[in-house]
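Asks: I am attaching a structure below and will ask some questions about it afterwards.
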Amino acid sequence: MRLDKYLKVSRIIKRRPVAKEVADKGRIKVNGVLAKSSTDLKINDEVEVRFGNKLLTVRVLEMKDSTKKEDAEKMYEIISEKRVEANEET
């Protein structure tokens, strides 16, 4: 499944165009490598998303084409969630 679609379906990012924009700006890594919005995700991949001053790292647990709100959180496991300085490199 494409990275931008996964972020939307899992509700990590609410809208797919926003997920695409964040990925294309170089703010998402998959398994430690910068990822584009079209990157194919697999189960057990680690996805690192940088939201301004927050760094969220999750592990992909399952893939679904669509989910209900309460099932979306079962698609991933949060590994870490930390605040980072705006000028700090990840």
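Asks: Output the strands (runs of 3 or more DSSP E) that fall wholly within segment 23-86 and possess 2 or more residues being among the β-branched types (Val, Ile, Thr) and farther than 17 Å from residue 4 by Cα, or say none.
Replies: It comes to 76-83.
Asks: Restricting to segment 1-22, what's the tally of residues that are part of a strand (DSSP E or B) and closer than 21 Å to residue 70 by Cα?
Replies: The first filter runs over segment 1-22 and keeps only residues part of a strand (DSSP E or B), leaving 2.
Applying the additional criterion that residues be closer than 21 Å to residue 70 by Cα yields none.
Result for segment 1-22: 0.
Asks: Could we say that residue 53 is more than 20 Å from residue 35 (Cβ to Cβ) and either at pLDDT 90 or above or touching an Asp or Glu at 6+ places or on another chain (Cβ under 8 Å) (or both) here? Walk me through how you get there before you give the answer.
Replies: Working: more than 20 Å from residue 35 (Cβ to Cβ): yes; either at pLDDT 90 or above or touching an Asp or Glu at 6+ places or on another chain (Cβ under 8 Å) (or both): yes.
Spelling it out, residue 53 is indeed more than 20 Å from residue 35 (Cβ to Cβ) and either at pLDDT 90 or above or touching an Asp or Glu at 6+ places or on another chain (Cβ under 8 Å) (or both).
Asks: If we scan segment 49-60, do we find a residue that is of a type outside the set (D, E, K, R) and on the phi > 0 side of the Ramachandran plot?
Replies: The answer is yes; a qualifying residue exists.
Asks: Evaluate segment 34-56: report whether one residue or more is hydrophobic (A, V, I, L, M, F, W, C) and in contact with a helix residue (DSSP H, G or I) (Cβ under 6 Å, 6 or more places away or on another chain).
Replies: Checked segment 34-56: at least one residue is hydrophobic (A, V, I, L, M, F, W, C) and in contact with a helix residue (DSSP H, G or I) (Cβ under 6 Å, 6 or more places away or on another chain).
Asks: Only residues that are among the polar types (S, T, N, Q) and under 23 Å from residue 21 (Cβ atoms): list them for segment 38-89, please.
Replies: Selection gives 38, 39, 53, 57, 66, 67, 87.
Asks: Follow-up. Given the conditions (1) more than 12 Å from the chain's Cα centre (by Cα); (2) at pLDDT 95 or above; (3) not β-branched (Val, Ile, Thr), which single one is not true for residue 29?
Replies: Only one criterion is unmet by residue 29, namely (1).
Asks: Which numbered condition trips up residue 72, out of (1) at pLDDT 90 or above; (2) hydrophobic (A, V, I, L, M, F, W, C); (3) under 15 Å from residue 9 (Cβ atoms)?
Replies: (1)
Asks: Determine the pairs where a residue that is polar (S, T, N, Q), located within segment 14-41, has a partner that is part of a helix (DSSP H, G or I) and surrounded by fewer than 19 Cβ atoms within 10 Å (Cβ to Cβ) with Cβ atoms under 9 Å apart, the partner being 6 or more residues away or on another chain.
Replies: 37/5; 37/16; 37/21; 37/24
The values are calculated or read from the model by the stated rules, or taken from the named source; none is laboratory data. Source: prediction; values computed, not measured. A quick note on method: Cβ atoms are made from the backbone with ideal geometry, for glycine too, and the neighbour counts reach across all protein chains shown.
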